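This report refers to the structure that appears directly beneath it.
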Amino acid sequence: MLLTKKNTLFVRLLSGFLLIIFLFFAFQSLAFLLLKNSMQQEIRKLSRQNMSHTVDNYERYFVLVRNMMNSVYFNEYVNLLENANELNYITADKLRLYLQSVQANNNLYLDNLAVYIQNLDRVIDKNGVWTPEEMFTKEYLLDDAPPETWLRRMKETDLFAVMPASPFKQVNMKHTSSSGTFFTLMTNNHFQSNITILSFSRANRLVEQFHQSSTDDRFYILDSNNSILYPSAHASDLPDFEALSQKGGDGVRDGDYFYFQQRGESTGFSYVNLVPVQSITSQIHRLSAISTALIGLSIGFGILFSLWFVRRINNPIRQMIAGIEDAAEIAPVDTRIHEFNVIHRKMQSVMQQDQELSRKNNVIRKYAYFNILKRIRNRLHEINDEVFKGGPHVFILFDITFFRTLAHAEARQPQDDVIVRIRDYIQVSLSGALPESLLFQLEPRQVLALVRLPEGQHALPEVLESIVQVLTVDRDHYIATIAVSPVFESAEELPEQYERLQKRIRQRPLTSTTALLGETASDGPTRLPVFAEEEFANLLLSGSMEAVDKVLDYLSPLQRAGGTLDEFQRFSLLIVNKVNQAVAARNPEQLHSLDAMLPYETVAEYSTLEQYIDFFDRYLGVAVRLLKAKNEQLDPISRFVMRYVEEHPEEDISLELLASKLNITSNYLSSYFKEKNHMNFSEYVNGVRLGKAKTLLLEHKDLTVQEIGKIVGFYNSNTFIRNFKKLNGLTPGEFRKQFGALS
């Protein structure tokens with residue numbers, strides 16, 4: 001039955017096997033040469049892949065350990081001990097437990113994690129508190145590195161350093177024993193120069209995990225100066241790395257070895273692997289002898305043996321394929337063929353390594369922000385003499401503007417949460433270099449920092465530049481504008497300096513990225529292009545698209561003339577109010593269509609020219625189409641009524657009054673107006689009055705809500721407030737408070 005399936009693996013293998021028996025011997029010599037070259041190429045390829053895998057593992061490991069060590073700086077117990085005058089053993093013990101928990105992470109391959117506190121001259125690790133002399137003469141003794149050498153290294157290490165793998169010893173009761181071979185990693189922090197973090201990584205364990213070595217190969221790690229960081233344990237002598245690198249090319253042969261080298265992108269280390277040529281040639285010669293013997297046997301027993309042999313090949317492969325397709329793990333193979341068992345084990349190993357690599361690639365997000373030490377204050381005059389200690393101070397105001405549409409849907413989060421994270425980051429950054437910093441949040445989207453400048457230090461520019469770089473990363477979500485006040489030394493200057501900063505923020509130019517503003521802009525008038533308001537209003541009322549072009553053509557010259565964000569928002573508010581008045585006068589039932597576009601909220605959040613152009617192109621387009629459509633429907637009676645209501649909103653307008661002016665009855669006028677305009681006369685009057693009220697609320701802040709209600713014809717303030725909220729969703733006071741900052 002198997003022979004009837006001509007396309008099965010069994011039939012094809014059997015046919016091919018019989019053909020190979022008769023042809024292979026004639027081409028044996030040629031095949032052997034090709035096989036030799038092919039195997040050498042394949043072994044080189046595998047060696048390169050192994051080298052690349054090794055480098056990736058080591059680079060990820062060094063980056064992981066460096067990030068872990070940097071995170072220790074944010075530990076609250078480290079910060080408590082950093083500036084302490086004497087050692088607090090309770091705090092030290094809590095720090096010890098923390099270090100012990102970090103070191104217990106098997107993925108870090110750490111023997112120990114330690115914190116050296118310079119001012120206390122103590123080292124705290126998982127085992128307790130040591131002096132540097134005790135640490136490096138008992139716990140980690142290195143013959144060629146006395147404690148003085150370690151102290152110099154800990155004080156001179158710049159940011160991050162990896163010491164060569166060295167055999168350490170441990171001394172217990174004058175008995176010396178080997179601790180193991182460890183990499184010593186050190187890191188310092190410019191903002192916490194009093195603290196040095198050390199970790200001792202098991203060098204041999206890392207090689208076992210990260211490098212798949214073959215028999216007699218040699219593996220080395222070199223630093224950026226070609227100094228040895230790690231030599232393979234069984235290497236009897238060191239090769240001339242400079243001479244090898246000058247031979248050029250990866251995988252070149254040098255004597256009895258093939259030379260492979262790769263540089264890590266993160267650390268700059270060079271990884272070198274020397275694979276013995278003999279191991280390759282011996283495999284080829286062994287394979288040649290086996291192949292010759294098999295060919296001889298195949299010629300004698302080929303026909304009888306082929307059927308049995310093909311069956312033995314076909315069945316395990318079929319089981320492996322079924323296992324791969326149907327199960328998450330490869331099922332055991334029912335075969336006694338060694339090669340298939342090896343393949344099966346290798347496939348299982350590859351799958352396990354792939355799973356392990358996937359777990360290691362899940363980078364843990366670290367949020368190592370300090371807790372805010374002081375509660376946010378809402379009134380500057382509550383700052384007392386104990387907080388304001390005199391001396392040079394500056395205000396730093398961080399103004400956050402969010403974009404309405406974020407770049408990625410999954411990145412959306414409440415804006416308040418983002419402000420909290422930004423505030424925490426600013427607190428951490430400032431307190432590191434400028435400890436006497438106090439943060440306030442007087443406005444929902446502003447963070448105010450009061451910074452006392454240390455004598456003789458100029459760390460503020462560097463800190464601000466670092467903050468700008470970090471905040472620029474999220475430029476698709478928000479932009480930050482940072483303004484710094486002049487230096488002042490009196491508490492009485494606080495309100496004045498704060499007002500100057502607020503004014504400077506409003507005077508910032510249009511920008512699409514985080515910006516650090518210079519000195520306060522000039523208070524002199526800015527020569528801006530003239531905008532023909534009356535011409536625009538006439539074009540708008542006539543429903544002409546030229547009104548859109550008039551606004552769009554004004555925006556670019558306004559920016560070129562140095563128009564600030566405040567001036568853009570004022571101009572935008574002017575246009576929105578003009579549109580609101582025109583639509584309220586001509587087509588008030590369609591005001592909700594424009595309000596749905598949130599014009600007041602939109603212009604408050606925009607900060608780039610492109611955003612304003614896009615908004616007005618859409619917003620004015622809708623308004624012009626509404627007005628044009630309404631103008632085409634207007635008849636003489638409706639036109640008279642609308643014009644009269646628009647020009648006399650404060651009067652006691654009634655149907656009887658307008659009907660008498662038109663010499664018609666009030667009932668006829670009511671029916672006629674509703675039929676032509678699809679709305680009641682009273683609804684139209686209320687729409688016009690409330691549209692005018694919105695403009696007055698924003699443009700005349702000296703008028704009360706009751707006064708504005710009377711101006712537009714609502715002599716009962718409760719009626720005015722009720723109708724305003726019904727149309728706009730906000731009371732007049734809420735509307736003015738929310739959008740009055742634009743005017």
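The values are calculated or read from the model by the stated rules, or taken from the named source; none is laboratory data. Here the structure is a predicted model, which means the values were calculated and not measured. Here the Cβ is made from the backbone with ideal geometry for all residues, glycine too, and neighbour counts use every protein chain on show. Note: areas computed on protein heavy atoms with side chains; ligands, DNA, RNA excluded. Shrake-Rupley method; radii C 1.70, N 1.55, O 1.52, S 1.80 Å.
Side notes on the structure shown:
- Between T292 and E499, the simple spin-label model (points 7 angstrom out along Cα→Cβ) gives 10.3 nm.
- Accessible heavy-atom area order of E443, E601, E546, highest first, probe of 1.4 Å: E546, E443, E601
- Whole-angstrom gap from the range 417-485 to the range 37-100, using each part's C-alpha centre: 29 Å
- Surface analysis of the range 423-462 yields an accessible area of 44 Å² per residue, using protein heavy atoms and a 1.4 Å probe.
- Each eigenvalue of the Cα gyration tensor of the range 94-150, multiplied by 5 and square-rooted, gives one semi-axis; in descending order these are 21, 15, 8 Å.
- For V641, the shell of other residues with beta-carbons less than 12 Å away shows a net charge of +3, using +1 for Lys and Arg and -1 for Asp and Glu.
- For the range 644-713, the share of accessible area belonging to carbon and sulfur comes to 46 percent (1.4 Å probe, ligands and nucleic acids excluded).
- Taking every Cα-Cα distance in the range 621-689 and sorting them into 5 Å bins starting at zero, the pair-distance distribution P(r) comes out as 3, 16, 28, 28, 16, 6, 3, 1 percent.
- Radius of gyration and Dmax over the Cα atoms of the range 671-743, both given in Å: 13.2, 43
- At q = 0.09, 0.10 Å⁻¹, base-10 log of I(q)/I(0) for the range 97-223 (Debye sum, equal scatterers on each alpha carbon): -0.27, -0.33
- For the range 613-656, the fraction of alpha-carbon pairs lying more than 12 Å apart is 70 percent, rounded to a whole number.
- The overall shape of the range 49-135 is prolate: from the C-alpha gyration tensor, with semi-axes ordered a ≥ b ≥ c, the ratio a/c is 1.5 or greater and a/b exceeds b/c.
- Gap separating the Cα centres of the range 130-157 and the range 670-702, nearest whole Å: 84 Å
- Along the range 705-716 the Karplus relation, 6.51 cos²θ - 1.76 cosθ + 1.60 evaluated at θ = phi - 60°, assigns HN-Hα couplings of 4, 5, 5, 5, x, 5, 4, 9, x, 9, 7, 9 Hz to successive residues, with x for each Gly and Pro.
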